[in-house]
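The values are calculated or read from the model by the stated rules, or taken from the named source; none is laboratory data. Being a predicted model, the structure only gives us computed values, none of them experimental. Cβ: placed from backbone, ideal geometry, glycine included. Neighbour counts: every protein chain shown.
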Amino acid sequence: MSDTLNKMSMDEFRRQQKEVLASWPTGKDVNFQEAVDYHKSLPDSKIFSKKLEQARKDKVTLIQPRAGVPLIDKHIELMQFLEKEGHADLLPTTIDSYTRHNLYNDCQKGIEESIAHGKAMLNGFPAVNHGVMNCRKVTESVGVPMQIRHGTPDARLLTEIAYAGGFTSYEGGGISYNVPYAKDRTLEETIRYWKYTDRLTGLYEEAGVQIDREPYGPLTGTLVPPCISHAVAVLEALLAAEQGVKHISVGYGQCGNLYQDIGAIYALEEVTREYLDRFGFTDVSISTVFHQWMGGFPQDEAQAFAVISWGAATAVLAGATKVIVKSPHEAFGIPTKEANAAGLRATKQLANMLSCQTMKNGPRAMAEKHMIMNETRAILNKTLELGGNDFEKSTVAAFAAGVIDVPFSPSKYNRGAALPARDNEGAVRFLSFGNLPFDDDIKGTHIAKLEERAKFEKRPANFQMVIDDVYAISEGKLVGRPKNK
């Protein structure tokens with residue numbers, strides 16, 4: 001175990017748990033031992049981490065959508081449709097925005113309005129309001145494992161109800177569900193809340209129940225260089241492992257350059273393993289998650305399918321354990337179940353066609369992998385130095401110093417000095433480094449790559465490139481070229 005172990009004490013956990021479960025009426029239905037017994041009754045086919053482990057052994061990439069609606073029957077109908085018509089290997093339950101902000105009274109109004117109007121008046125499934133037994137109705141309605149996906153800074157009550165409700169995977173973390181989403185939430189606060197979630201996960205593990213934990217990989221989803229999202233993923237993996245989590249899925253959002261994306265997935269798994277092992281967490285299993293394109297989508301459905309298929313092919317060629325699938329209606333908001341299933345089928349087709357192919361040893365992808373690992377190590381080593389290897393203190397200090405700097409974050413606790421742009425082949429590089437702890441060799445590579453693009457486009461490497469890159473995909477391109485190119 002880690003020499004700097006900072007596991008939440010049982011006294012502190014029980015003190016918080018009493019408060020958490022009393023904060024909304026459905027909390028009273030949570031019974032830890034009964035929930036453990038329930039999980040132990042589940043077949044292996046319903047346990048997320050076991051399906052991921054088998055996929056790793058079989059070297060296949062599993063597919064999973066995003067989806068969630070407010071009413072139980074409608075949500076079950078949606079899940080069953082995505083399993084049957086979309087051929088989803090894994091299923092989500094995406095939580096609504098009110099729950100994400102712990103506004104359960106507003107959730108209740110949204111449920112009532114959804115019933116009254118006959119249509120969804122919430123943008124997800126309010127699991128806290130529906131409670132343990134209704135969550136079990138959902139998880140028992142399908143034959144594949146289910147995960148909670150949300151975006152909640154304080155997810156303690158949601159975690160309790162989700163686990164007792166039979167969900168065997170849970171997304172998020174104190175960094176990735178703060179910095180990309182919130183303006184005023186401190187990292188100390190959200191890391192403390194997520195320490196509870198990870199401690200609860202660890203208690204289930206100690207009781208013989210496997211729960212998969214997945215830090216949110218894409219962060220802001222816009223031109224995030226791999227080393228930034230990787231550094232956050234590794235820190236959240238360390239924070240989770242410290243509390244007893246044994247199964248971790250680390251994620252990454254597609255940037256668009258094939259070689260960089262493939263190198264990034266291989267780097268992510270290796271660098272996570274490296275740092276978990278360094279601190280004694282050798283018994284923690286790791287799987288990887290590839291998120292299809294998180295930026296703007298074309299409105300044309302055929303063009304949207306091209307974006308989905310590019311992400312699907314990249315995920316499989318990179319050997320990702322799981323790919324999170326988009327829909328051809330991405331540009332218009334929440335997709336219909338038919339559109340969601342269509343995105344899944346397109347992805348499944350690519351996954352099947354490319355299942356025997358890999359680019360693991362391709363020289364360009366491996367050059368990107370090597371570069372990403374060096375950048376990520378530089379960030380992590382400086383981060384851990386700032387906090388004396390205390391994962392919590394290190395994370396807070398690193399963000400304060402700009403050693404970790406997430407592009408386009410709304411958080412006032414994120415420096416926002418590092419600025420990305422694409423190089424001439426579409427890989428994401430740094431236009432401005434801010435306080436990132438890179439040596440001259442790393443900086444020189446980024447500068448040279450962007451100067452190459454600037455020379456090709458006959459313009460200076462400046463902020464206009466960033467603006468052009470943000471809007472490029474919606475215009476059918478990856479690199480935001482000037483109009484004369």
For Trp194: the one exception among (1) surrounded by fewer than 24 Cβ atoms within 10 Å (Cβ to Cβ); (2) part of a helix (DSSP H, G or I): (1)
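Of everything in region 25-44 that's within 20 Å of Arg213 (Cβ to Cβ) and touching a residue at least 40 places away in the same chain (Cβ under 8 Å), which residue is surrounded by the fewest Cβ atoms within 10 Å (Cβ to Cβ)?
Here is the first cut: in region 25-44, the residues within 20 Å of Arg213 (Cβ to Cβ) are 30, 32, 35-36, 38-40, 42, 44.
Still in the list and also touching a residue at least 40 places away in the same chain (Cβ under 8 Å): 30, 32, 35-36, 38-40, 42.
Numbers: Val30: 19, Phe32: 15, Ala35: 22, Val36: 18, Tyr38: 18, His39: 21, Lys40: 10, Leu42: 17.
Checked region 25-44; the qualifying residue surrounded by the fewest Cβ atoms within 10 Å (Cβ to Cβ) is Lys40.
Test Thr197 against the criterion of being out of contact with any helix residue (DSSP H, G or I) (no Cβ under 6 Å at 6 or more places or on another chain), assigned by TED's automatic domain parsing to the domain that holds Trp24 and either more than 26 Å from Glu53 (Cβ to Cβ) or in contact (Cβ under 8 Å) with a residue 12 or more places away in the chain (or both), and give yes or no.
Numbers: out of contact with any helix residue (DSSP H, G or I) (no Cβ under 6 Å at 6 or more places or on another chain): no; assigned by TED's automatic domain parsing to the domain that holds Trp24: yes; either more than 26 Å from Glu53 (Cβ to Cβ) or in contact (Cβ under 8 Å) with a residue 12 or more places away in the chain (or both): yes.
So Thr197 fails the test.
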If you go through region 199-224, how many residues are crowded, with 24+ Cβ neighbours inside 10 Å, under 17 Å from the mean Cα position of the chain (by Cα) and farther than 12 Å from Pro180 by Cβ? 4
Per-region count, region 74-98, residues touching a His at 6+ places or on another chain (Cβ under 6 Å) and on the phi > 0 side of the Ramachandran plot: 0
Is it the case that region 230-242 has a residue that's in contact with a Lys or Arg (Cβ under 7 Å, 6 or more places away or on another chain), at pLDDT 95 or above and surrounded by fewer than 22 Cβ atoms within 10 Å (Cβ to Cβ)? no
Among the residues in region 401-414, are any within 16 Å of Ile228 (Cβ to Cβ), outside the structural domain of Thr186 (by TED's automatic domain parsing) and assigned to a helix (DSSP H, G or I)? yes
Of the residues in region 2-54, those that are touching a helix residue (DSSP H, G or I) at 6+ places or on another chain (Cβ under 6 Å), among the β-branched types (Val, Ile, Thr) and within 25 Å of Glu392 (Cβ to Cβ) number 1
Residue count, region 123-145 (criterion: on the phi < 0 side of the Ramachandran plot and either in a helix (DSSP H, G or I) or free of Cβ contacts under 8 Å to residues at least 40 places away in the same chain (or both)): 13
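Out of Val245, Val271, Val250, report the one residue that is in a strand (DSSP E or B) and in contact with a helix residue (DSSP H, G or I) (Cβ under 7 Å, 6 or more places away or on another chain). Step through it out loud before you land on a result.
Values: Val245 fails: in a strand (DSSP E or B); Val271 fails: in a strand (DSSP E or B).
From the options Val245, Val271, Val250, the qualifying one is Val250.
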The lone condition Lys119 fails out of (1) at pLDDT below 95; (2) buried (at least 18 other Cβ atoms within 10 Å of the Cβ) is (2)
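Listed residues Ala155, Ala162; which is crowded, with 24+ Cβ neighbours inside 10 Å, touching a Cys at 6+ places or on another chain (Cβ under 7 Å) and of a type in the set (Gly, Ala, Ser)? Give the steps one after another, and end with the answer.
Values: Ala155 fails: touching a Cys at 6+ places or on another chain (Cβ under 7 Å).
After ruling out the rest, the residue left standing is Ala162.
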So which helices (runs of 4 or more DSSP H) stay within region 21-108 end to end and still have 3 or more residues that are closer than 20 Å to Phe125 by Cβ, at pLDDT 95 or above and not hydroxyl-bearing (Ser, Thr, Tyr)? 72-84
Do we have Gly416 as under 21 Å from the mean Cα position of the chain (by Cα) and surrounded by fewer than 20 Cβ atoms within 10 Å (Cβ to Cβ) here? yes
Could you please find all residues in region 156-191 being closer than 15 Å to Thr99 by Cα, under 19 Å from the mean Cα position of the chain (by Cα), in a helix (DSSP H, G or I) and among the aliphatic types (A, V, I, L, M)? Leu158, Ala162
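Please find, among Asn361, Asn352, the residue that is assigned to a helix (DSSP H, G or I), surrounded by fewer than 20 Cβ atoms within 10 Å (Cβ to Cβ) and at pLDDT below 95.
Details: Asn361 fails: assigned to a helix (DSSP H, G or I).
The unique qualifying residue is Asn352.
Looking only at region 297-346, count how many residues are outside any helix (DSSP H, G or I), surrounded by 23 or more Cβ atoms within 10 Å (Cβ to Cβ), touching a Pro at 6+ places or on another chain (Cβ under 7 Å) and not β-branched (Val, Ile, Thr). Talk me through it step by step, then tell me what you get.
Taking region 297-346 as the starting set, the residues that turn out to be outside any helix (DSSP H, G or I) are 297-300, 318-329, 333-336.
When the remaining residues are screened for being surrounded by 23 or more Cβ atoms within 10 Å (Cβ to Cβ), the result is 318, 320-328.
If we keep only those that are touching a Pro at 6+ places or on another chain (Cβ under 7 Å) as well, we get 325, 327.
Then drop every residue that is not not β-branched (Val, Ile, Thr), which leaves 327.
Qualifying residue count, region 297-346: 1.
Quick test for you: out of Asn178, Asn129, pick the one residue that is out of contact with any Pro (no Cβ under 7 Å at 6 or more places or on another chain) and at pLDDT 95 or above.
Details: Asn178 fails: out of contact with any Pro (no Cβ under 7 Å at 6 or more places or on another chain).
It is Asn129.
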